[in-house]
């Protein structure tokens, strides 16, 4: 159905998930256009690849080839307000309008979808799986939530493949549009409580997700979750974790900047799996992705090679500077307390005894309000912390909710608020050993400038 359209218009074209679909339709030879609020590196790259993107919401800027409802499909992200002028134009004129997740759902209906869901870990696990499948004889079309290195894209294509790899987003229940062949659930720690209201509703959403798995499909769940899955009778269920479950690791070795382990699966063991990105949390991520790909039919050697060749996703424990005699600069998308805790712990494990400085940008007023004590606890692991102002994304301010409510409970002695407009100047006048920038907002936009400053240090 979706391939019959000549042109596709994206409302919210700059989202990372939207970008994969834009690239997918461009690969099919479709005309692609869209709107986003601001120009970014991602939108500029999409423009170079053939997409026509504007940064004002006026309906007059919609290109003529996207004004025929019979030949144009409109795809939007839930982050776009209902009153957006372009979206109103398409709605008022009877266009077919779909959420991004609906389109992914149609793709899973026509392929064997390997879908990764969870509060955290889904971008890295789906990216690992995409790399494994893409480099195996099975191939895949992968729609990822992060830009995969070294491909410099969040879309991988394998002509003729029957598999798709998809990051399944629980935000506003988007993953309920999917029809997985293999579903992986990495974590169900409460998040998006502005949408769900409470933990019970959040868990129910994941339970319903398991009901959507094909009757001949598979479910892989992390050990120890509160989730009570409800898959169909024919679905085969497996568990995984670092140390136990149907899929797990044994003989974990760390040293000389490398992490190696033996991967245990129901029918055997793959010896000496080497992580391409040697970060502690990637042991768990590798087990999840290898489990899914093993079930899909990938051979042991291809599993091992796929993990070793994985270069990481941008903004997922992403090294910007790692040169002898220079400060280390790492960027991570962590925006949930558990993610933040894991990110800081990984840095301290990699660099024992060294001073870790964290710049954290809280994401959403509601998430800051709900998890302020947990954020403070995670940040207390650092030697020094700077908090920027909250990145609002889709939200209006909540009275009394600022970065201060996190700062007050952080236990380390060196902690402060640093507004983004002062960030670069403050970095110029500060010494760093290891600098970790974290958050899901726009703190990453400052990284090129930060990196250049640190490169000049003796």
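Here is a list: 42, 46, 61. Which entry is in contact with a strand residue (DSSP E or B) (Cβ under 9 Å, 6 or more places away or on another chain) and closer than 16 Å to residue 74 by Cα? Step through it out loud before you land on a result.
Working: 42 fails: closer than 16 Å to residue 74 by Cα; 46 fails: closer than 16 Å to residue 74 by Cα.
None of the other options fit; the residue is 61.
Return the residue satisfying two criteria in turn: it lies in region 386-397 and is modelled with pLDDT of 90 or more and within 20 Å of residue 337 (Cα to Cα), and of such residues it is surrounded by the fewest Cβ atoms within 10 Å (Cβ to Cβ).
Start the filter on region 386-397 by keeping residues that are modelled with pLDDT of 90 or more, which leaves 386-390, 397.
Within this subset, residues satisfying the condition of being within 20 Å of residue 337 (Cα to Cα) are 386-390.
On the way: 386: 25, 387: 25, 388: 23, 389: 15, 390: 24.
In this case the residue turns out to be 389.
Being in contact with a helix residue (DSSP H, G or I) (Cβ under 6 Å, 6 or more places away or on another chain), assigned to a strand (DSSP E or B) and closer than 20 Å to residue 440 by Cβ, is that true of even one residue in region 107-120?
For region 107-120, residues in contact with a helix residue (DSSP H, G or I) (Cβ under 6 Å, 6 or more places away or on another chain), assigned to a strand (DSSP E or B) and closer than 20 Å to residue 440 by Cβ: present.
In region 140-159, is there at least one residue being in the same structural domain as residue 212 (by TED's automatic domain parsing) and farther than 20 Å from residue 313 by Cβ?
Within region 140-159, one or more residues are in the same structural domain as residue 212 (by TED's automatic domain parsing) and farther than 20 Å from residue 313 by Cβ.
Being in contact (Cβ under 8 Å) with a residue 60 or more places away in the chain, assigned by TED's automatic domain parsing to the domain that holds residue 245 and outside any loop (DSSP other than H, G, I, E, B) narrows it down to one residue among 191, 172; which is it?
172
Any idea which residue in region 46-80 is surrounded by the fewest Cβ atoms within 10 Å (Cβ to Cβ), counting only those that are touching a residue at least 60 places away in the same chain (Cβ under 8 Å) and under 23 Å from the mean Cα position of the chain (by Cα)?
Among them, the one singled out is 79.
The values are calculated or read from the model by the stated rules, or taken from the named source; none is laboratory data. Because the structure is predicted, anything quoted here is derived from the model rather than measured. All Cβ positions, glycine included, derive from the backbone under ideal geometry; neighbour counts span all protein chains shown.
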